[in-house]
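Asker: Sharing a structure below in structure tokens format, with a few things to ask.
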Amino acid sequence: MSLFLGTDLPVMAATASLGAAFVAYAMRLLIGTALAGARARRHVIVLGACATVLSVLLGALLTELGSDRAVLWRNLVRFLPSLAAAAVIGVLVLFPPRRFALRAAAVYIAAFSLIIWAWLPSALVRVAFSAPPAAFLGQGGLNVVTATNVRASARLDFGPDERLGSVASGSEGGLKAVTGPFQGVFLPLERLEGELFLRSTVDGIEAIGTEDVSSAGTARSDTARLRFPRAGEPFSFVSFSDIHENVALYGKLAGNVDFDAMSLAVYLGDFLNHVDSPEQARRSIVGLATGSVALPRAFVRGNHEARGEGARSLASWILPADGEYYYSFTLGDAFFIALDTGEDKPDGSAAYGGLVDFGAYHRRQAIWLAERLASREYRDAKARIVLAHIPPTEEPLAEVEPLWYLLRRRDDIDLVLSGHTHEAAIRLPSDTGLPFPVVCSGGGSADTAAAVAVTVDGGSVSVAIIRPDGSREASSVFGSR
């Protein structure tokens, strides 16, 4: 059932159950004589109440998933011919023609139609992109994520110019990955600089047999141009956080950002309320627009992305195989460290039911962080920026303390970018007692939303807070080493 509905949200199961009961009840009345008796009004009232509740549930369903791409809606459209054929057969069984010739003809036509309609959906459903390919930064390269309407195998053509010339695909043990609705191709890159052109191709797969494969067609994306700043070249990037699936609000913020002047889009977590279906990730992470240009993205997991049935699948949707939510990369003269601050309550909280172990996770992450802080890339960088959903200004949990212990000892960090507080703010060392400034993006409502634009020029780092109405409330310059 969850495969058809696209999610395990309770509203989905409630809608399906009530819908089935409604249909059975209505058919029973139509077949019988209840609608013609004295109790007809009572039955009509019950039917009307059921229809009203169904409408409310369906509205909640489509609002949660997004009516433009709702999994349930797509599946209903796909299986509509089969449902119509079943309805026709049901009518013939309940109300058969009296003449034998007509009955035989009706059964023949119904059977023939059922065969055609059973084959037609798979013949008509062809692979298509449900969002433009998105390039996510990771440790040692880019993970190019495609989102499709059916499961598919992806490959990536890439190169320093529009001729491309190189090909990569996701495979393990000689077998190309066949996944849906997301496919990822990891592109190892020693250094991110200059231009990189990308074009994704997906081969839709309907079924894999022992000696044959049923194809659902092929789709090819437009060629995207990514431009990474070179060493010594000033660059800008923009960060967002805590959108909480309010894609329209993100659109208002993004409308005030000059993406043509940006080299990177940073998503600082809590873009989802909780993870229940791939459709949420498509709408609120992978499918977010960056103006009319393609930008590499740095995704930082928030505490809300660690919640829900699908939280354990999120990594397979947007991270490369064996990838982690914490990673580092160099862009221009800046070295970035992306941390995963995990949940905002202790591991023993009843809310988690004993199903989390962020203590051990953060200890492993701290070992990695210590190595990154001692790395040559960190030492040679003119600017050093840390990305973390929960800021170090919050009262630290015991589980995440190993990370903050390492950072609090560093006076060579130029900026920590965070979210979580739903309050856009620039917090200076004189205010926090920390050896570095902390800048937070805003929240998921019109009065708290804010993006942060950052410009790196050598060792100088300047920031500006951008509101949905386009106003810039504050700006500061840090670094200048």
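The values are calculated or read from the model by the stated rules, or taken from the named source; none is laboratory data. A quick note: this is a predicted structure, and the numbers were derived from the prediction, not measured. In this analysis, Cβ positions are derived from the backbone assuming ideal geometry, glycine residues included, and neighbour counts consider all displayed protein chains.
Asker: Taking the condition at pLDDT below 95 and at negative phi, does SER241 pass?
Answerer: no
Asker: Here is a follow-up. Going by what's in this entry, would GLU309 be described as assigned by TED's automatic domain parsing to the domain that holds PRO391 and crowded, with 20+ Cβ neighbours inside 10 Å? Walk me through how you get there before you give the answer.
Answerer: Numbers: assigned by TED's automatic domain parsing to the domain that holds PRO391: yes; crowded, with 20+ Cβ neighbours inside 10 Å: no.
When the stated conditions are applied, GLU309 does not pass them.
Asker: ALA398 - would you say it is of a type in the set (A, V, I, L, M, F, W, C) and not in a loop (DSSP other than H, G, I, E, B)?
Answerer: So ALA398 fails the test.
Asker: Could I ask something else about it? Which fully enclosed strands (runs of 3 or more DSSP E) of region 155-261 have 2 or more residues being small (Gly, Ala, Ser) and over 23 Å from the mean Cα position of the chain (by Cα)? Before you say what the answer is, go through the steps one by one.
Answerer: On the way: elements: 166-169, 182-188, 194-208, 213-220, 224-228, 235-240.
Output list reads 194-208, 213-220.
Asker: Go through (1) of a type in the set (S, T, N, Q); (2) buried (at least 18 other Cβ atoms within 10 Å of the Cβ); (3) touching a residue at least 60 places away in the same chain (Cβ under 8 Å) one by one and return the number of the condition SER153 breaks.
Answerer: Looking at each condition in turn, SER153 falls short on (3).
Asker: Could you check, for region 266-275, whether at least one of its residues is assigned by TED's automatic domain parsing to the domain that holds VAL386 and over 19 Å from ALA451 (Cα atoms)? Spell out the reasoning first.
Answerer: Within region 266-275, the first condition is being assigned by TED's automatic domain parsing to the domain that holds VAL386, and the residues that meet it are 266-275.
Now drop any that are not over 19 Å from ALA451 (Cα atoms), which leaves 274-275.
Taking every residue of region 266-275 in turn, at least one turns out to be assigned by TED's automatic domain parsing to the domain that holds VAL386 and over 19 Å from ALA451 (Cα atoms).
Asker: Of everything in region 349-359, what is farther than 18 Å from HIS389 by Cβ and surrounded by 11 or more Cβ atoms within 10 Å (Cβ to Cβ)? Give them in sequence order.
Answerer: ASP357
Asker: Would you point out which residue out of ALA370, ALA334, ALA338, ALA381 is of a type outside the set (D, E, K, R) and exposed (fewer than 15 other Cβ atoms within 10 Å of the Cβ)? Quick ask: steps written out before the conclusion?
Answerer: On the way: ALA334 fails: exposed (fewer than 15 other Cβ atoms within 10 Å of the Cβ); ALA338 fails: exposed (fewer than 15 other Cβ atoms within 10 Å of the Cβ); ALA381 fails: exposed (fewer than 15 other Cβ atoms within 10 Å of the Cβ).
Going through ALA370, ALA334, ALA338, ALA381 in turn, the sole match is ALA370.
Conditions (1) over 22 Å from ARG408 (Cβ atoms); (2) at pLDDT 95 or above; (3) hydrophobic (A, V, I, L, M, F, W, C), marked per residue:
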| site | (1), (2), (3) |
| --- | --- |
| PRO429 | no, no, no |
| THR432 | no, no, no |
| VAL439 | no, yes, yes |
| GLY442 | yes, no, no |
| SER445 | yes, no, no |
| ALA450 | yes, yes, yes |
| ALA453 | yes, yes, yes |
| VAL456 | yes, yes, yes |
| SER460 | yes, no, no |
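Asker: For PHE271, state whether it is crowded, with 22+ Cβ neighbours inside 10 Å and under 28 Å from PHE335 (Cβ atoms).
Answerer: On the way: crowded, with 22+ Cβ neighbours inside 10 Å: yes; under 28 Å from PHE335 (Cβ atoms): yes.
Here the answer is yes, as PHE271 does meet what is asked.
Asker: Which numbered condition in (1) at pLDDT 95 or above; (2) in contact with a Phe, Trp or Tyr (Cβ under 6 Å, 6 or more places away or on another chain) is the only one that PRO320 fails?
Answerer: If we test PRO320 against (1) at pLDDT 95 or above; (2) in contact with a Phe, Trp or Tyr (Cβ under 6 Å, 6 or more places away or on another chain), just (1) comes out false.
Okay, residues lined up against (1) surrounded by 19 or more Cβ atoms within 10 Å (Cβ to Cβ); (2) farther than 22 Å from THR146 by Cβ; (3) among the polar types (S, T, N, Q):
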site: GLY174; (1), (2), (3): no, no, no
site: PHE186; (1), (2), (3): yes, no, no
site: GLY209; (1), (2), (3): no, yes, no
site: SER215; (1), (2), (3): no, no, yes
site: PRO234; (1), (2), (3): no, yes, no
site: LYS252; (1), (2), (3): no, yes, no
site: PHE259; (1), (2), (3): no, no, no
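Asker: Which one of these does TRP317 not meet: (1) closer than 30 Å to GLY459 by Cβ; (2) of a type outside the set (A, V, I, L, M); (3) out of contact with any Asp or Glu (no Cβ under 8 Å at 6 or more places or on another chain)?
Answerer: TRP317 satisfies all of (1) closer than 30 Å to GLY459 by Cβ; (2) of a type outside the set (A, V, I, L, M); (3) out of contact with any Asp or Glu (no Cβ under 8 Å at 6 or more places or on another chain) except (1).
Asker: Under 8 Å by Cβ, and 6 or more places apart or on different chains, what pairs join a residue from region 401-429 that is in contact (Cβ under 8 Å) with a residue 24 or more places away in the chain and at positive phi with one that is assigned to a loop (DSSP other than H, G, I, E, B) and of a type in the set (A, V, I, L, M)?
Answerer: Close Cβ pairs satisfying both conditions: HIS420/ILE390.
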